[in-house]
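The values are calculated or read from the model by the stated rules, or taken from the named source; none is laboratory data. A quick note: this is a predicted structure, and the numbers were derived from the prediction, not measured. Backbone-built Cβ (ideal geometry, glycine too); neighbour counts: all protein chains shown.
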Amino acid sequence: MADTADDVVSWYTESPGVTVVVLARPPANALGIPLLEGLHAAIDAGEAAGDVQAMIVTSALPGFFAAGADIKHLSSIDAESFTAYGDKMRAVNDRLAAAPWISIAAVDGLALGGGLELAMACTMRVSTDGGRFGLPEVKIGLIPGAGGTQRLPRLVGRGRALDIMLTARHVPAEEAYRIGLVDRHVTGDVLEGALELAAELVTASLPAQLAVVRTVDAAFDLPLDDGARFEVEQEQGLFEHGEATEGIAAFIEKRRPKFA
């Protein structure tokens, strides 16, 4: 019986504002059509709920976050279908990167190819010692095509990105943390580590957090003067239309702010 989206991707509310999305497509969470459709459904649900501040993407399979594209699927399709498959992968990553919440990839195992591209589309990445990261597409005559060649250099720099992609090697968690591919290197259970990060995130203003992400991303795309002007626009918008009024009042009154 073929997998369905409901079979391989599930999600639940862990605490107010925190959603956990679980990938479970044995044996390795290959990014086949059902898993991609399940991720789209999880994002749809988060958008419909309207109260998600942090979304954690993790795996139920020991040893794997996601092992990349579905190679068996690639072996059976033509060029037109390959384009459609790639578009679906890119759409998931682009939606996750642009979602109105902070996303966290919780990695304890292999995050390779499309699996690493999925993790890099998240705002932040948490890993245990078991995490292994790589973009090995050159070994099958392809390149990372779902954002990998663009996001990896922004995280680790040109030289390190080329080293990882051209050699197709697996990067261990400690090195990934050292070079900036992983944001938090934790011991113990990776989901617990990601939930601890999410608990920190939900205490702050989500509009301000999203503005931070936008302005930091702009630093890679805009000249310094243009980036600085964009920063001013974001700051002014938060003061006029965001949650700054409540945040400032709470600071003055020495109380916890009541952000939406």
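Observations on the model:
- Residue satisfying all of: in segment 129-144; touching a residue at least 40 places away in the same chain (Cβ under 8 Å) and within 16 Å of the chain's Cα centre (by Cα); nearest to residue 60 (Cα to Cα) among these: 131
- The criterion of at least 2 residues that are in contact (Cβ under 8 Å) with a residue 60 or more places away in the chain and closer than 26 Å to residue 51 by Cα is met by the following helices (runs of 4 or more DSSP H) wholly inside segment 188-253: 190-201, 206-221.
- Restricting segment 162-213 to residues that are of a type in the set (Lys, Arg) and more than 18 Å from residue 113 (Cα to Cα), the residue that is surrounded by the fewest Cβ atoms within 10 Å (Cβ to Cβ): 178
- For residue 237: the one exception among (1) buried (at least 18 other Cβ atoms within 10 Å of the Cβ); (2) over 30 Å from residue 129 (Cβ atoms); (3) among the small types (Gly, Ala, Ser): (1)
- Among residues of segment 145-161 being within 26 Å of residue 83 (Cα to Cα) and within 15 Å of the chain's Cα centre (by Cα), the one that is surrounded by the most Cβ atoms within 10 Å (Cβ to Cβ) is 146.
- Complete set of residues in segment 47-60 that are surrounded by fewer than 21 Cβ atoms within 10 Å (Cβ to Cβ) and under 21 Å from residue 209 (Cα atoms): 47, 48, 49, 50, 51
- Number of the exception - residue 68 against (1) at positive phi; (2) modelled with pLDDT of 95 or more: (2)
- Only one of the listed residues (169, 214, 229, 184) is under 22 Å from the mean Cα position of the chain (by Cα), among the basic types (Lys, Arg), at pLDDT 95 or above and not assigned by TED's automatic domain parsing to the domain that holds residue 135. That residue is 214.
- For residue 118, the stated conditions do not hold, so it cannot be described as assigned by TED's automatic domain parsing to the domain that holds residue 87, in contact (Cβ under 8 Å) with a residue 24 or more places away in the chain, within 18 Å of residue 31 (Cα to Cα) and in contact with a Lys or Arg (Cβ under 9 Å, 6 or more places away or on another chain).
- Options 103, 81: the member that is in a strand (DSSP E or B), hydroxyl-bearing (Ser, Thr, Tyr) and either over 24 Å from residue 211 (Cα atoms) or in contact (Cβ under 8 Å) with a residue 12 or more places away in the chain (or both): 103
- Some residue of segment 16-39 being surrounded by fewer than 16 Cβ atoms within 10 Å (Cβ to Cβ) and without any contact (Cβ under 8 Å) to a residue 12 or more places away in the chain: no
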